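The values are calculated or read from the model by the stated rules, or taken from the named source; none is laboratory data. Only a predicted model underlies this, so the values are computations on that prediction, with no experimental measurement involved. So basically every Cβ, Gly included, is an ideal-geometry build from the backbone, and we count neighbours across all protein chains shown. Protein only, heavy atoms only, side chains kept; ligands, DNA and RNA dropped before computing areas. Shrake-Rupley method; radii C 1.70, N 1.55, O 1.52, S 1.80 Å.
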Amino acid sequence: MSKYYLAWAKDEEIRKKGANGGFVTATLVSALENNFIDAALVVAKKSVYEGIPVLTSDPEVVKECAGSLHGAPINLTKYVVDYAAKKRIGLPTKPCDARGIIEQAKRRQVNLDNIFMIGLNCGGTLHPLRMREMAADFYELDPDSVVKEEIKEGKIFLVSEEEGGEEKEKWIKIDELEQKGYGRRDACKSCVTKIPTSADLACGNWGVPQGEKKTFVEVLTEKGEAILKNAIDSGYVDIEEAPGKGIEMRKKIEAGMQKLATSWKERMDEVSTLSRSGRFEFYVDALKNCIHCGACKEVCPVCACEADSKCLDMNDERDSYAISMYNMLRIFHLMDSCIHCGQCEDVCPVDIPLTLIQRRFSERMQRHLGYIPGMDVKEKPPLYETELRWSAEAE
Amino acid sequence: MGKSEGEEWEPKILAFCCNWCSYAGADAAGLERRQVPPTIRVIRVMCSGRIDPAFVLMGLLEGADAVLVTGCHIGDCHYVNANNKTRNRYEFLKEFVDELGLEPERLWLRWVSASEGPLFAEMVREVTEKIKKIGPSPLRREWKK
Ligand SMILES: Cc1cc2nc3c(=O)[nH]c(=O)nc-3n(C[C@H](O)[C@H](O)[C@H](O)COP(=O)(O)OP(=O)(O)OC[C@H]3O[C@@H](n4cnc5c(N)ncnc54)[C@H](O)[C@@H]3O)c2cc1C
Ligand code: FES
């Protein structure tokens, strides 16, 4: 039911503060004011290196949170879980947020009817620590002086505040940074889901005519249509048909990004060139530092296990296995459902390359199954199925 | 690995057998006095559907050179269709074992009915021979150190 619009906030303040047209913020604000949702989950800027999720029913807080934070690689899925059981919630969702929420819905942790996912196209986020290093080493800026960041036209812009309040802007091409190991997180570099097609709306700047302060909006579901209608009817948002050229352009950029992601994926996969025994050594070596803190499981947007999960329960610190039960089970458990968001690696206190490991195991399984997690709530996780589609065919 | 000169290395094979079919099949092999290599360690479960993939993984970590998952033939499961789930999980295990860098021969799924004693004996011989060829599991070697 795809429909494409250009949309913007009618309130000048919101439009100015918004990343593009302020549409996302205005839509959430009007939904809150009209009691269309009970709360909104947005991301508050602490600094360019830190964004924290805020669950609020105060429209003013939502307004303050307008804008895109590329140095806040958070996944919002788990913050929705408890709340959305009973109340209606609206939130911006990057593709990995939307996919996480869909996976939680499959596991009956959330009621999708209560969740309005205002999707954001996403080219990727940066890891805050790497971003600080990047600011110091490549931009030659004091990392703490950076007050603004922006990604546009293939460049990362950093704005620093010098003594005396003067602002200075510097940019470097993303490609150049990424060749040197900086730039976006590994998970983002290799992510092919750039438009959140499992959300209710998909918003972004791709397809917006140059120089115009508008948000490109794709309507994906009836819920998306309803929340958009609410925003228009209450006078918060204006829309116009998206020009055909814009729609084309957006498709073209998406395809280009996907191609780049695929090539990154191949380049970053250091395991693919190893022999069978080399692979084994790699996994044993990579996982041997694990301290079984459980952080990767805690942040995982797909996992719905409680504190007494099997992976932790069957793990015994006294075992001297080559690979711990915790890691074996975490990896096994996610083979059908990993959405490759990289949250696990971000929080790992001993820096295990989990993005790569989880991807290696899950991607081949998902290809084998012909299953892509986080896309369609009606498709159950195959590990829970009695019968696989293809095994029935094989008979 | 603790064996004296000239003595042939004996693999350790862990077999999960379902109470109603494959366990009875193993029993039948014994009653018929068929030669079954002493490499096999049997764990009886009520149904192959009870075999959590975690058990298989733990078996490998504990030092099994191969793990054999067995149960009733499809359609014969005593709990309606639980062995379909077994088959489903096996597909996951197969990919997992392969990606981990273990040889695919370290994991087996076979359906054996109560009357298939000869088949059971033959299966154990086949697995033993294959494992002897590829040698001890690298997981086990690590574990011994
Ligand atoms: C990390 C990131 C990368 C993006 N990359 C692209 C891209 O490559 N191409 C493209 O077309 N569009 C991209 N977008 C979307 C674009 O930047 C705008 O968010 C979108 O066009 C909506 O604009 P707006 O003015 O209507 O949103 P606003 O009114 O500014 O609202 C944006 C909302 O997003 C929330 N938010 C900010 N940072 C995050 C975050 N890290 N995670 C989740 N929510 C957050 C804010 O709290 C706010 O509620 C990206 C967005 C983000 C957050
Ligand atoms: S009872 Fe034998 S497999 Fe289920």
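One table, with the values for the structure above:
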| item | result |
| --- | --- |
| Calculated [θ] (222 nm, deg cm²/dmol) that DSSP helices of n ≥ 4 give over chain B, each run adding -39,500 (n - 2.57) | -13500 deg cm²/dmol |
| Percent antiparallel among DSSP beta bridges (both partners in chain A, rounded to 5) | 80 |
| Peptides A:36-44, B:103-111 ordered by average Cβ neighbours within 10 Å, highest first | A:36-44, B:103-111 |
| Degrees separating the helix A:244-268 axis from the principal Cα axis of chain A, which is the longest one | 30 |
| Mean ellipticity per residue at 222 nm, deg cm²/dmol - from DSSP H runs of n ≥ 4 across chain A, formula -39500 (n - 2.57) | -11000 deg cm²/dmol |
| FRET E, pair A:Y384, A:V192, Förster distance 22 Å, beta-carbon r, rounded to 0.05 | 0.30 |
| 5 angstrom amide H check on A:G51, placed H, neighbours 5+ away | A:K46 |
| Length added when fully stretched, A:L55-A:K252, from 0.36 nm per residue minus Cα-Cα | 67.4 nm |
| Filtered trypsin sites (Lys or Arg not before Pro), segment A:194-254: DSSP coil and at most 11 other beta carbons within 10 Å | none |
| Efficiency of FRET between B:S115 and A:E222 - r from beta-carbon atoms, R0 56 angstrom, step 0.05 | 0.45 |
| Interface burial for B against A (accessible surface, 1.4 Å probe, total of both chains, Å², rounded to 100) | 3200 |
| Partner chain coverage, peptide B:86-92 - average Cβ within 10 angstrom | 5 |
| GNM top mover of A:G374, A:G165, A:G294 - chain A, alpha-carbon springs below 10 Å | A:G165 |
| Full-extension gain in nm, A:S277 to A:D38, via 0.36 nm per residue minus C-alpha separation | 80.6 nm |
| Length-normalised contact order of segment A:283-395 in % [C-alpha pairs under 8 Å, at least 6 apart] | 27 |
| Amide hydrogen neighbours beyond the local backbone of A:K155, cut-off 5 Å, H modeled | A:I174 |
| Residue-by-residue Karplus 3J(HN,Hα) for segment A:35-46, coefficients 6.51, -1.76, 1.60, Hz, glycine and proline x | 6, 6, 10, 8, 7, 10, 10, 10, 10, 8, 8, 8 |
| Kirkwood hydrodynamic radius of segment A:128-183, Cα pairs, Å | 11.3 |
| Test item: Cα-centred dipole of the protein assembly as shown, Lys/Arg +1 and Asp/Glu -1 on Cβ, debye | 1180 |
| For segment A:181-188, 3J(HN,Hα) per residue [Karplus equation, 6.51 cos²θ - 1.76 cosθ + 1.60, θ = phi - 60°, Hz, x = Gly/Pro] | x, 9, x, 5, 4, 4, 4, 6 |
| Spacing of the two label points (7 Å from each Cα toward its C-beta) at A:V377 and B:R41, in nm | 4.7 |
| Test item: Cα-centred dipole of segment A:128-183, Lys/Arg +1 and Asp/Glu -1 on Cβ, debye | 320 |
| Number of partner chain Cβ atoms within 10 Å, mean per residue of B:94-105 | 6 |
| Length-normalised contact order of chain A in % [C-alpha pairs under 8 Å, at least 6 apart] | 19 |
| Virtual spin-label span in nm between A:K148 and A:D319, 7 Å along Cα→Cβ | 5.3 |
| Partner chain coverage, peptide A:318-327 - average Cβ within 10 angstrom | 4 |
| Residue among A:A136, A:Y182, A:V146 farthest towards the positive dipole end of segment A:128-183, charges placed on Cβ | A:Y182 |
| Label-point gap, in nm, between A:V347 and A:K155 - each point 7 angstrom along Cα→Cβ | 3.7 |
| Charged-residue dipole, Cβ positions (Lys, Arg, Asp, Glu), segment B:1-132 about Cα centre, Debye nearest 20 | 440 |
| Options B:Y79, B:A114, B:A64, ranked by Cα towards positive dipole end of segment B:64-145, top entry (Cβ charges) | B:A64 |
| FRET efficiency for A:K86 and B:D52, using Cβ-Cβ distance with R0 set to 56 Å, rounded to 0.05 | 0.95 |
| Listed residues A:S47, A:S57, A:S320, most fluctuating in chain A (Gaussian network, C-alpha, under 10 Å) | A:S320 |
| For chain B, the spread of Cα positions along each principal axis, largest first, Å | 47, 37, 19 |
